[in-house]
Structures are given as C-alpha cells and as structure tokens.
Amino acid sequence: MRNVRVRYEKTGDARFVSHLDLVRTFARAVRRADLNVYYTEGFNPHIKMNFLPPLSLGYESLCEAFDMRLIDETPCADVAPRLRAVLPELLRVTDAYEPETELTDVAFVRYALRFDADVNAAAATLGREGLTIEKKTKRGQITVDAHSALREAEVADGALEIVLPMGEASLNPRHVVEALNTYGGFGIEDFRCVRKQLYAADGSVFR
Amino acid sequence: MAYSDIEKRLTEVKKPSRYCGGEVNSVIKDPAKTEVSYAFCFPDLYEVGMSHIGMKILYSAANRLDFVRCERVFAPDRDMIELMRETDTPLFSLENKLPVASFDLVGFSLQYELSYTTVLQMLKLARIPLYARDRGDGDPLVIVGGPCSYNSEPIADFVDLVVLGEGEEVGDETLELIRECKREGCGRAETLRRFAGLKGIYVPSFYDVEYDGVKVKSITPNRPEAPARIRKRIIEDLDKAFYPESYVVPYGEIVHDRASVEVQRGCIRGCRFCQAGFIYRPFRTKSAATLNATAKTLCENTGYDELSLLSLSTSDYPELSGLVDDLNAWAEPKGINLALPSLRVDNFSIELMKRVQKLRKSGLTLAPEAGSERMRNVINKNVHEADIMRAVNAAFGGGFTSVKLYFMLGLPFETDEDIIAIADTAQKVVDAYYASEGRQKGKSVSVSLSVAAFVPKPFTPFQYVPQDTAEEHARKQKLLREHVRSNKIKLSTHDADTSYIEAVLARGDRRLVPAMALAVERGAYLEGWSENFSLDFWKEIFAECGLNGDDYACRERGTDELLPWSHIDIGVTDRFFISEYEKAKCAAASPNCAEKCLGCGAASLGGGRYCAKR
Ligand code: SF4
C-alpha cells in the first residue's frame, strides 16, 4: 500500500462547491477512474482520503491537495491522467506523486486578492509597523500583529499577493481585507481570492 | 443584469453550487454552433429536480442531437430569488448562464399538481409573458410534459404545447420541427399550426371549451389541424429506446443520489386509485441483458455506489431474480449496493431483500393502502392479510425491528369498519413482532403508520368519485386515532389540506386559469414544500375568482359527463374505467394483465407484453 498525493486546481464556478461536496465528488471520481484504493473498514466503508484544511467557499485555488492510498501497483504517474479524464476542467488534477511530507507540514499559503481599490496602497498599508489583524475564534477575538503574521505583501500582476500562516495560527485573507477596511479605509466589499502556493516551515515550496 | 453580477455575491445564498452547473457529465455547448436551444426546467429545487430520472434521460437525449443545446433550469430558492431581484437578473440556465427567455423552447416537467404555481412563477422570473396569447415571435415556445400534463387544463392558457406520453421520440421530433420552423422563418402561429400535426402534441389554444355551470359542455377544435382527440405517444420497444450511458453527477447531496435504471414501464396491476397504473399502459419490459449492460456502464460513468431498479412494481419484472444475480455479480465486488424499491407484499421475498441489502439494513416498507380485505378489493389492491403477515414475520425473523405501513383514508365506498381495520392491521404487526421467535431480544418494535388522504385522479376508475369533505376527513382521522392503542405505533397523517388542493387541480378545468394567475401574483411558489403551502390562501383565491374548490374536489361526476380531459386519449377507454368503477362498487377485484387481459384499450398503442391481440 502506497500513499499518493493528488494535486488539483479548484477554479471558476467550482469555488462554490463546499468542502463536503468536494470530498464526495473526488470519491466518485476515484471510482469512475477505477483506481484501486484503500477503503475504511466497517459498516459504511468509504475511501480513506485526507484533505488540506478546507478552502473558504468562494475562493479559488491552484494548489490543492489530498492524500489517499493505492492498494495495487498502479504507478503514481498514471493517477493524474486517469482522474483528469473523469473530472470537469474546473477541478483539474495537475499532478500525483508519492509524498515525502505530511499535509500538516504546510506552514504558509500564498493568496492573490483582487478587488476594486488601489492594490499598491493596500500593499503599503500592510507593510506598515503596528497594524493589527483581528480574528474571531470560538474562544473570542484574537489580535495578531500583521507585521509578524504576514510573511509577504506585494503587488503582482495587478493583484495583492499575501502569504499567511496555515495551521494553528492560520489566518484567512478575509481577515486581512477587514484590517485594510478598518485601518486603511479601503471600503472593499467583495474580492476574488486565489490560493496560489503552499510553503513548508522553512519557506520552501511544499510538495 | 446578468450572471456576472450574481456571481460576485453567490456565497450569500444557501448551497450556491446548485446554481452553477459544471458538474461531472454536464453538457456545455457553444450557443454559436447550435441551431435550436432548449431550456429544460424543473419546477422544484435543484436537489429534487436532479433526482428525477426522466429529467436525466431527456437531457441526455436532447443533447445527443448535434443541432440542439439543452440546458437545465431549476426553481431558485427564496434567498436566490431575492438576490436575483436585487441584481435585476432574470432566471438563467445552469450551463451557459443564459436568460431562459432567450431559448427557443422552454420545457417544464409536471410531476405533481402543486408545482403548477412554481412553473408560472418561473415564467415570471424568466420574464416570459405569462399568458401564451401574449407571447410574440421573439418569445420562446413553452411546452410541458410529465404525468400531470394529461390534464394540464388549469394551466392551459399559459402553455403553448403539451407533450402527451413518453418524451424520447416526440422530443426529437419537437426539436426537429423547431429547427425546420426556424429555418423557414415561420412565425408563432404557423409554428403552432405545424405542431398540431405532430402525434402526441396537444396545442391547448386550438380548442375551445364551453361550460354549463360547473360542468363541461363541449370541447371543440377551432383549427382544422387540431384533431378532435389527442392520443398519447409511447415507445413500443423499450430495448430500442434511448437510455443515457452517463448522467450528471451533482456536487451536493440530492434526494435520490444514485444510479438508476428503468426496468419496465407501465404496471400490470390496475389499482383503481393509481393514475400511474393507467397512464403508462401498456406494460412493457426491458430485457435483462440490456438492463445489466446499461447499469454497468452507468455505474462506471457516474461513480455511484448505489444502483436502483426503477419501476412502479419491481416484483412484476418477469426476470427479476436472474437480473439481480447478474447485477450482483459485478456490483458486489465493487461495493455497489442494489436498491429495489417498489417491491410488492404478495410476492415479496425476504430472500431477495437479504440478497440486495447485505450492507445496509433498512426497515421494511409495505403499502397495503387499505385496512380491510373488502376495501382492498374495492381498490383492486390484490394484497391479503396473510401476505402482509408473512412478510413482516420474515422481516422480524431476519432481525428487522421497524416496519413502515402506508394507507389511504377516504377511499370510495369506505366504511368506519374499514378505517378501524387500518389500526387493527398495525396492531397485528406489533403482535407479530412479540410472537416472533427470531426477533432481536430486548429490542422494541416500531411501526410507523402513514395515512394519506385519497385524491381522486383523472384517467382512473375513480375519476368520478368525490373526495371527502374536510369535516368528514377530520372525523375519520379522529376515529382512526382512537383505535390506535399501542405506543409502538406511530401514526402520521398526511396533510389533508394539500390533498384537497391536489384534488381540485388534478380534475381541474380552464375555469381555474384566473385563479392560478392570481395565486402566482400573490406569490404562491414551491408549494410542494409544506412551509410554503396554505389552504386559506387558496380559499381566498377561489372566492375572489368566484369559484368553489368543492365543485372540483367533492363533486361526484356522472359517468356520462363530459370531463375536462375528454379530448385526451391515453389508450385506455372510458368504457373500461366505468366497468372497473362498477366492480369497485361491489368490492370485486379484477385480474391483473399477466393473469388475464381485460381489453382496457391500451393494446392499440402497441408493445404491451400481455395485451391480447384484438
Ligand atoms: S390491453 Fe389487456 S394486457 Fe394490455 S394493458 Fe390493457 S388490460 Fe392490460
């Protein structure tokens, strides 16, 4: 039995597909692709799959991932084309390989944000010392120092690109937009967000 | 004004993916490369519509034609309607997100009477003129089909075309005729004229209906092209009928989330209350080989892990046992469950249940429909108490602890004894559990007793009978409740209010047209969902339109009366309905088609497995 990591994109209207529905969709895709994978034991067996923390509804991504286990000798290289053939273009499988890391090793995520406001000014605002980001959690509100939380804030291709922590101290791009509105008066009502890259703790691209 | 405005705010609504399309196996064609566009609408929420097998078949069938672009449309939920209003967006299709009003043909599937107002509301959301007479050359043709289209008179003024019968062939011909009319630049009037010549198509505006009080006086064609009676279309050889090899697999969970194959059409039984049992006559089957192959391909292409065999009465499929073996041979190793809904009590086989439901042990469901032997003869439901007891005993012995029983209240010629017999039957099931040797020790039994109000339907032997008045129904419910004594029996009574409106609409005529328009103006929508339904609302509407619902629901029709649907020919003759009605009066059962052909008339449609040659 080998682990295989499937990398995929979630773009366009697929951003409105909830995480739960996505899991169901991939499980059916695995069946359509006739891949021999490991099922959980028990009364109601289902494919054993591990996903990255859910992407917010409405966000796109170019770097999603889930892990499952192959129980036969199917080469990992065959997995991506077989899944690609049975999924819509908006859920495009880009790669599949035997992982050397855990999905929980993802430490930072790069997002690209597009909105109707001055992106350069937004990047500059986020670069200022002393800016705080507020995040509501189940245990109340947490205030994070933007400077330490934001690994990067820059403008690329007309979008604001930011790098945020994932995992325990994770931040959602929404929190950053709220901070921009609160402290910068940007008045951003809606924005498009794309998850672009995953990084390990040492800053290298996560695989 | 367009989908792009909605898109920005789509995360504000519940389950946004149901408005986006793009699911696996959906078909997105280029509007510039297709000659005929068809908006296939289902007047209910996405989850309900996508569960409907007919929709899946006809969507695939239409899209297999190169010149056709068929796109799906479902009734938006209230929050989405609000968003559409705020962004000034008309109803749009899932595939290309195009306004429904921009399509050549806009079709609705009429599955139940309470969806009529949703159909009309969707036309309004699409900004298509509500009345057919107000539509011009640039507006779509509005077509309806499905079981309720056999008597769609209450909405006759709002539709251009009605499909009578099975849609596979007539669907192709409809789309071809639209292409022809477009190529020749025919106007609306000429297009309708040509449609009147198509077999299985009814053009309501080509008929004038005169009334004499609450009765129909005459139904007269007002065009030479319009036939005096319109005959339904059927597919004679189901093995040759189109069946999709794959179908759209939704992202979200829907009501029936599984692969399904249709094993047969029609029903041999002839239960006298059941409209489906007559409108789908004659009984035709698919070969086991075809079914096995279709089911396998379908599972491979959809990835579903549940396969369902669909029909009105699956036990009547002549090769059922062999088919189940064939299916299980490949389904089981792949972890695919077989579901066999609509098994009958009389030839019910617990063995079969065990074979197909190894993995998931659900409760047993039985539908005796009536409580006493006499009453079951009246309705021609050939189920005997011994059959019921044999089935529940086998189930309890096999470890089941719950049984669902379905009955109807208010059936014709019903007496209080017949009602008490419903409670008695449920009690006998409870007693059987405690007498059962194999039951799970220490576990209690649960019998859920579901009792619906009888709705007399057109095209049945009971099309003449009155529905119980509200008072009488309430009295009967109370009587039944008094006779349910065990706390193991959970009695639930189906809402009699909705059954009343169903009864009005089912046997309605064109005098109801203004009432439908007014109801829609006042916001009636998605009435199949109980939270959206109100009887008082309808009573007010009827009163304002000078109508009395009782004239439709509770009035007995004479067998010599001209009925609002007399110009519709489903193959089964009035003579047959009357003779079955007479037999019901003296509680006489009839043999089923497999036992003896009664010459109901449907043989003339061809293809019937048991029909005697005339
Ligand atoms: S013609 Fe005879 S066998 Fe055929 S549907 Fe009618 S009663 Fe049944």
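The values are calculated or read from the model by the stated rules, or taken from the named source; none is laboratory data. As the structure is a prediction and not an experimental result, all values here were calculated from the model. Here the Cβ positions follow ideal geometry from the backbone for every residue, glycine too, while neighbour counts run over all protein chains shown. Areas reflect the complete protein model, heavy atoms only, side chains present, ligands, DNA and RNA absent. Shrake-Rupley method; radii C 1.70, N 1.55, O 1.52, S 1.80 Å.
Residues are listed down the side, and each one gets a yes or a no for (1) within 16 Å of the ligand (Cβ to nearest atom); (2) open to solvent by less than 10 Å² (accessible area, probe 1.4 Å); (3) among the aliphatic types (A, V, I, L, M):
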residue: B:V216; (1), (2), (3): no, no, yes
residue: B:P221; (1), (2), (3): no, no, no
residue: B:P282; (1), (2), (3): yes, yes, no
residue: B:Y304; (1), (2), (3): no, yes, no
Filtered residue count, the range A:162-193, keeping only those that are farther than 25 Å from A:A14 by Cβ and among the polar types (S, T, N, Q): 2
Close pairs (7 angstrom Cβ cut-off, 6 or more residues apart or separate chains): over 14 Å from B:T573 (Cα atoms) in the range B:602-614, more than 9 Å from the ligand (Cβ to nearest atom) anywhere: B:G606/B:E236; B:G607/B:I234; B:G607/B:E236; B:G607/B:D237; B:G607/B:R284; B:G608/B:R284; B:R609/B:R284; B:R609/B:T285
Which numbered condition B:F577 misses (of (1) within 16 Å of the ligand (Cβ to nearest atom); (2) touching a Ser or Thr at 6+ places or on another chain (Cβ under 6 Å); (3) open to solvent by less than 20 Å² (accessible area, probe 1.4 Å); (4) not polar (S, T, N, Q)): (2)
B:D569 being open to solvent by 50 Å² or more (accessible area, probe 1.4 Å), within 16 Å of the ligand (Cβ to nearest atom), closer than 20 Å to B:C148 by Cα and within 24 Å of the chain's Cα centre (by Cα): no
Cross-chain or 6+ apart pairs with Cβ under 7 Å, the range B:485-502 first and within 12 Å of B:S534 (Cα to Cα), then polar (S, T, N, Q) and at pLDDT below 95: B:D495/B:S530
Residue match in the range B:322-330 (condition: away from the ligand (no atom under 14 Å from the Cβ), in contact (Cβ under 8 Å) with a residue 40 or more places away in the chain and either of a type in the set (F, W, Y) or open to solvent by 10 Å² or more (accessible area, probe 1.4 Å) (or both)): no
Within the range B:398-428, tally of residues that are farther than 21 Å from B:T469 by Cβ and modelled with pLDDT of 95 or more: 7
Odd one out for B:T460 among (1) in contact with an Asp or Glu (Cβ under 6 Å, 6 or more places away or on another chain); (2) open to solvent by less than 30 Å² (accessible area, probe 1.4 Å): (1)
Positions within the range A:23-50 being part of a helix (DSSP H, G or I), open to solvent by 10 Å² or more (accessible area, probe 1.4 Å) and among the aliphatic types (A, V, I, L, M), in sequence order: A:V23, A:A27
The listed residue being at pLDDT 95 or above and open to solvent by less than 10 Å² (accessible area, probe 1.4 Å), out of B:M80, B:M50, B:M55: B:M80
Qualifying residue in the range B:588-600 (condition: modelled with pLDDT of 95 or more and more than 11 Å from the ligand (Cβ to nearest atom)): yes
Some residue of the range B:361-372 being at pLDDT below 85, more than 14 Å from every other protein chain (Cβ to nearest Cβ) and open to solvent by 20 Å² or more (accessible area, probe 1.4 Å): yes
Qualifying residues in the range B:83-100 (those that are open to solvent by less than 30 Å² (accessible area, probe 1.4 Å) and part of a helix (DSSP H, G or I)) - the one farthest from B:G167 (Cα to Cα): B:L83
Answer residue from the range B:5-16, given it is at the interface with another protein chain (Cβ under 9 Å from one of its Cβ atoms) and within 17 Å of A:R192 (Cα to Cα) and is most open to solvent (accessible area, probe 1.4 Å) among those: B:K8
Subset tally (residues that are closer than 14 Å to B:F462 by Cα and open to solvent by 10 Å² or more (accessible area, probe 1.4 Å)) for the range B:546-556: 3
Residue satisfying all of: in the range B:254-273; within 16 Å of the ligand (Cβ to nearest atom) and in contact with a Ser or Thr (Cβ under 7 Å, 6 or more places away or on another chain); nearest to the other protein chains (Cβ to nearest Cβ) among these: B:Q264
Failed item, numbered, when B:E502 is tested on (1) in a loop (DSSP other than H, G, I, E, B); (2) more than 16 Å from the ligand (Cβ to nearest atom): (1)
Residue list for the range B:287-302, restricted to those being within 13 Å of B:D239 (Cα to Cα) and open to solvent by 10 Å² or more (accessible area, probe 1.4 Å): B:S287, B:A288, B:A289, B:T290, B:N292, B:A293, B:T294
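Conditions tested, residue by residue: (1) within 7 Å of chain B (Cβ to nearest Cβ); (2) of a type in the set (A, V, I, L, M, F, W, C); (3) within 16 Å of the chain's Cα centre (by Cα); (4) within 23 Å of A:G167 (Cα to Cα).
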{"position": "A:K10", "(1), (2), (3), (4)": "no, no, yes, yes"}
{"position": "A:A33", "(1), (2), (3), (4)": "no, yes, no, no"}
{"position": "A:V37", "(1), (2), (3), (4)": "no, yes, no, no"}
{"position": "A:T40", "(1), (2), (3), (4)": "no, no, no, no"}
{"position": "A:P45", "(1), (2), (3), (4)": "yes, no, no, no"}
{"position": "A:L52", "(1), (2), (3), (4)": "no, yes, yes, yes"}
{"position": "A:Y59", "(1), (2), (3), (4)": "no, no, yes, yes"}
{"position": "A:L62", "(1), (2), (3), (4)": "no, yes, yes, yes"}
{"position": "A:D67", "(1), (2), (3), (4)": "no, no, yes, yes"}
From A:R5, A:R69, residue being in contact with a strand residue (DSSP E or B) (Cβ under 9 Å, 6 or more places away or on another chain) and either crowded, with 19+ Cβ neighbours inside 10 Å or under 21 Å from B:C299 (Cα atoms) (or both): A:R5
From the options A:D116, A:D105, A:D21, A:D78, residue that is more than 12 Å from the chain's Cα centre (by Cα) and within 9 Å of chain B (Cβ to nearest Cβ): A:D21
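To keep it simple, each residue is scored yes or no on (1) open to solvent by 60 Å² or more (accessible area, probe 1.4 Å); (2) within 14 Å of chain B (Cβ to nearest Cβ); (3) touching an Asp or Glu at 6+ places or on another chain (Cβ under 8 Å); (4) farther than 17 Å from A:R151 by Cβ.
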| site | (1), (2), (3), (4) |
| --- | --- |
| A:A169 | yes, no, no, no |
| A:V176 | no, no, no, no |
| A:G184 | no, no, no, yes |
| A:R195 | no, no, yes, no |
| A:A200 | no, no, yes, no |
| A:S204 | no, no, no, no |
Options B:A553, B:A524, B:A603, B:A543; residue that is within 16 Å of the ligand (Cβ to nearest atom) and among the aliphatic types (A, V, I, L, M): B:A603
One residue from A:E152, A:E129 being of a type in the set (D, E, K, R) and in contact with a helix residue (DSSP H, G or I) (Cβ under 9 Å, 6 or more places away or on another chain): A:E129
Which numbered condition B:F278 fails, given (1) within 16 Å of the ligand (Cβ to nearest atom); (2) within 14 Å of chain A (Cβ to nearest Cβ): (2)
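Out of B:A288, B:A228, B:A295, which single residue is within 18 Å of B:T573 (Cβ to Cβ), more than 16 Å from the ligand (Cβ to nearest atom) and of a type in the set (G, A, S)?
The unique qualifying residue is B:A228.
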Tally, over the range B:17-35, of residues that are over 27 Å from B:T117 (Cα atoms) and more than 8 Å from every other protein chain (Cβ to nearest Cβ): 10
